[in-house]
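Contents: one structure, followed by commentary.
Each reported figure results from applying straightforward, stated rules to the coordinates on display, with no laboratory input. Keep in mind that what you see is a predicted model, and the values were worked out from it rather than measured. Cβ coordinates were reconstructed from backbone atoms using ideal geometry, including for glycine residues, and neighbour counts include every protein chain displayed.
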Ligand code: UDP
Ligand code: MG
């Protein structure tokens, strides 16, 4: 008996808000009147989240499954592991902190039923700090230019994916990825809707400025090599400019003779160039580091245990075996 809807929720140190999440998520899903399952992925939380999730599994084993990681592998790895465990035709991802209201899942499902295989969402009134919202908006525009992936609100995880898109994602073995972008590259008929957004119910954001920068590099380098190509173009332009400067200086040497004026200007130009070169090397490093991680081919995450109800057929098979013995 396959569920129609699977909801995937990554959980990392969310003990403070999980009970509030359960109290709103399950009623909202029950109200939809369809067969559903909720797949929680505990991303190596160091608080009581894993225990709280196991308790919830015992309360609603018919519709709950819990994947337990043995360490912290990041939100996107957690979502990918959740995808592996899903069986529904429609898969919805959601944050555990109630910033995405569970009551909005119904809207995504309705849209999917209109024949779309990817429904993104745009937060109507984003409840995050000012700088966070502004920085996201700027990064969003830059990223769209570089990767040609259309996501109005890339940081928003409340999204629905069709079974075929999920199956394709399950075949990928990317180490550093960004799930909504990966899904977008496989979608045949994507669309977006507007959803509500709330403040974090409890706990704090799990993303520091540093991890946000890392994530944005994943998003750009994982889906485009345009930054590298831009750099070779910039290299050509700068080489031409410095060749011209060289010619100019040589000509001056013969007309005016030896001179040292303007030497600081030359320093300034040199330092600027050094900065550009360093950035270029760093950018190369971003790609090479990812190639390195990819070729090592280590497991992307390690699942310690999966809490799920044995399928009926397996159960009766077990009963048969027990009876025979
Ligand atoms: N998360 C995770 N692993 C991590 C970081 C975050 O599974 O290493 C989960 C977290 O529990 C939450 C979701 O990813 O359900 C989004 O995280 P958060 O709300 O902290 O991000 P923000 O809303 O600040 O972007
Ligand atoms: Mg959040």
Between 0 and 90°, nearest 10: helix 49-59 axis offset from the chain longest Cα axis: 30
Alpha-carbon Rg with Dmax, taken over region 197-253, Å: 21.9, 70
Along each principal axis, Cα extent of the chain, largest first, Å: 103, 47, 39
Separation in nanometres of the label points that stand 7 Å from Cα toward Cβ, at residue 213 and residue 138: 1.3
Antiparallel DSSP beta bridges within the chain, as percent of all bridges there, nearest 5: 30
Dmax and Rg, reported as Rg then Dmax, of region 74-169 (C-alpha, Å): 14.1, 39
From the C-alpha gyration tensor of region 1-125, square roots of 5λ in Å: 22, 15, 15
Fully extended contour minus Cα-Cα distance, from residue 276 to residue 145, at 0.36 nm per residue: 45.1 nm
Degrees between helix 263-296 axis and first principal axis of the chain (Cα, 0 to 90, nearest 10): 30
Packing-based exposure ordering (other Cβ within 10 Å, fewest first) of 2, 20: 2, 20
Cα gyration tensor category, rounded, prolate or oblate, for region 157-213 with a/c compared to 1.5: oblate
Helix 312-324 axis, angle to the chain major axis (alpha carbon atoms, nearest 10°): 50
Two-site label geometry, residue 185 and residue 58: point separation in nm, points 7 Å out along Cα→Cβ: 4.3
Hypothetical label at residue 308: residues of region 164-183 whose amide nitrogen lies under 15 Å (7 Å Cα-Cβ projection): 167, 170
Alpha carbon convex hull of region 220-285, projected area averaged over orientations, nm²: 5.0
